1. Which ranges mark the strands (runs of 3 or more DSSP E) fully within the stretch 54-129 that have 1 or more residues being in contact with a strand residue (DSSP E or B) (Cβ under 9 Å, 6 or more places away or on another chain) and modelled with pLDDT under 75?
2. Give the residues of the stretch 35-53 that are assigned to a loop (DSSP other than H, G, I, E, B) and at pLDDT below 80, sorted by residue number.
3. If I ask for residues that are at pLDDT 80 or above and either outside any helix (DSSP H, G or I) or farther than 27 Å from residue 111 by Cα (or both), which ones from the stretch 18-33 would you list?
């Protein structure tokens with residue numbers, strides 16, 4: 001099914017290719033769909049306690065490893081650019097991220113990029129997180 005939709009990577013493992021053009025063409029088809037971790041009745045994230053870095057950072061004004069990430073257009077609707085900067089959060093994950101990644105690989109994880117839906121395929125073990 002994913003192969004028919006033009007999934008930009010390996011549809012069985014979920015790993016994305018390094019071809020950005022394929023990814024750019026794939027993304028618009030799913031931009032309007034809700035996150036697979038969203039409880040549609042309550043509007044709450046079922047993954048909140050274990051959410052990935054992208055979910056932790058998208059929304060508020062964040063500078064991640066020196067790069068400014070776009071904030072949610074619904075946040076700061078009445079704020080001036082100066083006010084947004086005043087509340088911007090700086091996060092540096094380079095050192096801690098490398099340690100977490102090494103542990104992930106040590107537990108048998110595969111390196112590579114994927115999408116949230118594939119990351120959610122494996123059940124989370126809250127004791128080990």
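The values are calculated or read from the model by the stated rules, or taken from the named source; none is laboratory data. Given the structure is predicted, the values throughout are model-derived calculations rather than measurements. Counting neighbours? That spans all protein chains shown, and the Cβs are built from the backbone with ideal geometry, glycine included.
1. Details: elements: 62-64, 67-69, 89-91.
Strands (runs of 3 or more DSSP E) meeting the threshold: none at all.
2. Let us first name the residues in the stretch 35-53 that are assigned to a loop (DSSP other than H, G, I, E, B), namely 35-37, 39-44, 46-47, 51-52.
The answer is 35, 36, 37, 47, 51, 52.
3. Hits for the stretch 18-33 are 18, 19.
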